[in-house]
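Shown next, in structure tokens, is the structure this report addresses.
Computed from the coordinates by the stated procedures, all read-outs in this text should not be read as laboratory data. Given the structure is predicted, the values throughout are model-derived calculations rather than measurements. Cβ coordinates were reconstructed from backbone atoms using ideal geometry, including for glycine residues, and neighbour counts include every protein chain displayed.
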Amino acid sequence: MGEKLLMKGNEVIAEAALRAGCRYYFGYPITPQTEIAHYMAKMMPKVNGTFIQAESEVAAINMVYGAASAGARVMTSSSSPGISLKQEGISYASCAELPAVIVNIVRCGPGLGGILPSQGDYFQAVKGGGHGDYKLVVLAPYSVQELYELTVEAFNIADRYRVLAMIMGDGTLGQMMEAVEFRDKEETPDFKKDWALTGTGMNREHNVVTSIYIKPEELEAHNIKLQKKYEQIALNETRVEVYNCDDADIIVAAYGSVARIVKNVIKMAQKEGIKVGLIRPITLWPFPSKAFEKYAQVPKAFLTVELSAGQMVEDVRLAVNGKNNVHFYGRMGGMLPTQKEILDRIKQILK
Amino acid sequence: MAVVFKRPHALKDVSLPYCPGCSHGIIHRLVAEVIDELGVEGEAIGVSSVGCTYNNYLFFNCDMAQAAHGRAPAVATGIKRVHPDHVVFTYQGDGDLAAIGTAEIVHAAARGEKITTIFVNNAIYGMTSGQMAPTTLLGQVTQTTPYGRKPELHGYPIKVCEMLSTLEGAAFVERVSVHDIKNIMNAKKAIKKAFQTQLDKKGFSIVEVLSTCPTNWGLEPVEAIQWLQENMLPAYPLGNFKDKDMEV
Ligand SMILES: Cc1ncc(C[n+]2csc(CCOP(=O)(O)OP(=O)(O)O)c2C)c(N)n1
Ligand code: SF4
């Protein structure tokens, strides 16, 4: 490892993208992720890159579509209402198999909602907010260090599989100042993009980037190809942290900033002699179902804690598959669960 | 009876799927001839849009992207910023450009994005079978203006060239037509000039081409050409609206 710096989460995302070789950023301002755009606006000219403040999130994601078609590493970032607007482009780019990174620093909804932290976009991200059968690789960092590492990883996953990768965080992470240690140099495998639009140079057949297949046989074949690719991704790219689970009485499932709170709850519980484990999905899609299957027989129960009305809990229930009780505790509207609230809920379940 | 031309290299040797009497085929040919004459096929990247020409990425010999409805100028922006020395063009209809894609075209022009847009104005939505377009003329009957377009109900036609020429970033703006040989020659000149504007890095360039849609106008090809001359030419005057050197 190299340089260690104290940095704000949102800026680390931007810095990580630059270190990963991203030279194109297109975005539209929205709280609480504007620092990403500010950082890009400042840094891109220094590295001969392009920053465009687009006229809308719709335009921004389509600029991403263009730059990715042209073979570049490209990123856009936004927050929930803006991510909703990007869904059209996300569906098209997924079908056209374009690699790119999308950052969603989630805020509360529905509607214009509020600007405080939320995890209410889980369904949109992992179940497909746009039309058709496609998947995003969704990475959910829980520290500033992970914001860096997973952002770099997102670019590599995107290029390796020709998919969109999404970094999902919230305002807590985006605004958090924390130490981050950067590697001296990023190892970027050489992804040969012979499909990209670079001009034929009159010495090859023309390349086409498209998301339309009018013939049903062709569209079905293309869908099958996409699904096979998603299976490969699920096989190779599932990431999870299993913490303190081996002799736990109860296992909490939480991701992102909420998992930080849960880790403190685990310490508090220990003092009272209560054994609590944590399964923290790092990839929300592919979902780490195996980790839940493995611990499905935990003595008492599962508790999923989210900043939502209960979204990831559905995937936890699917993974546990009726072998145990899966409880839920959530806060919404930007309200955060306190450690005490979570511990009380645990005690109530264990009673 | 048909005059056999030599096919421009930039156009693939396939038969185009457009209706008899439709202008799209002529316009494709003109774009391809210009690409040939400027010798830029190897550096050209086109963006197809959504409309009757949604799959014209199959017909041009250069690299091509297909964009969502109205978004071609944003897609072209992304491509051009990655390949600033390539020639990037969009091919869009009036529904695509002047309704759902209004924001994208206005801002691509405002940014002075060094791309070229071929804007095909046939005063109707062709592909979805003849609904009102932003460019539909007052009084014109379409599937969604069955009693004619009335200003108090449907507003007024959008004059895209007049509007875009007010933007500093737009360097070349011209409206042409392809209803006869003389106008076809003029159209080709304008398209060539638009591409040259891009090559000279002067800014955004657009050529609006008045076109026929006999199928959805409910006319025979020859009648359609007459209808265009009698109705579209007065509403959409031909000519150059902007030809400026940005480097002042
Ligand atoms: C988001 C979205 N909305 C609607 C459509 C349906 N649609 C396809 S083509 C078209 C109109 C195209 O008209 P125009 O741009 O005038 O092109 P033309 O077919 O006349 O060449 C519409 C509305 C679509 N494909 N995508
Ligand atoms: S429907 Fe109209 S625009 Fe479309 S191909 Fe036929 S004539 Fe041309």
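Quick notes on this one:
- Burial ordering of A:190, B:94, fewest other beta-carbon atoms within 10 Å first: A:190, B:94
- Region A:241-350: relative contact order in percent, alpha carbon pairs under 8 Å with at least 6 residues between: 30 percent
- The Cα atoms of region B:1-64 define a convex hull whose projected area, averaged across directions, is 4.5 nm².
- Region A:38-68 and region A:284-351 have Cα centres spaced 38 Å apart.
- Split chain B at each of the chymotrypsin sites (Phe, Trp or Tyr not before Pro) in a DSSP loop with at most 11 other beta carbon atoms within 10 Å, and the longest piece is B:6-146.
- Put the Cα centre of region B:98-126 next to the Cα centre of region A:129-183 and the gap is 34 Å.
- The value of relative contact order for chain A, using C-alpha pairs under 8 Å at least six residues apart, is 18 percent.
- Förster radius 60 Å - calculated FRET efficiency between residue A:31 and residue B:143 (Cβ-Cβ, nearest 0.05): 0.90
- Globularity ratio of region A:64-115, using Cα Rg and 2.2 N^0.38 Å: 1.24
- GluC sites (Glu not before Pro) restricted to region A:160-263 and DSSP loop, no more than 12 other C-beta within 10 Å: A:187, A:205
- With 20 Å bins from 0: P(r) over chain A, alpha-carbon pairs, percent: 30, 56, 13, 0
- Residue order, fewest to most beta carbons within 10 Å, for A:239, A:162: A:239, A:162
- Taking max minus min of the alpha-carbon positions on each principal axis, the protein assembly as shown gives extents of 93, 54, 42 Å, largest first.
- For region B:44-99: rounded, prolate or oblate by the Cα gyration tensor [a/c cutoff 1.5]: oblate
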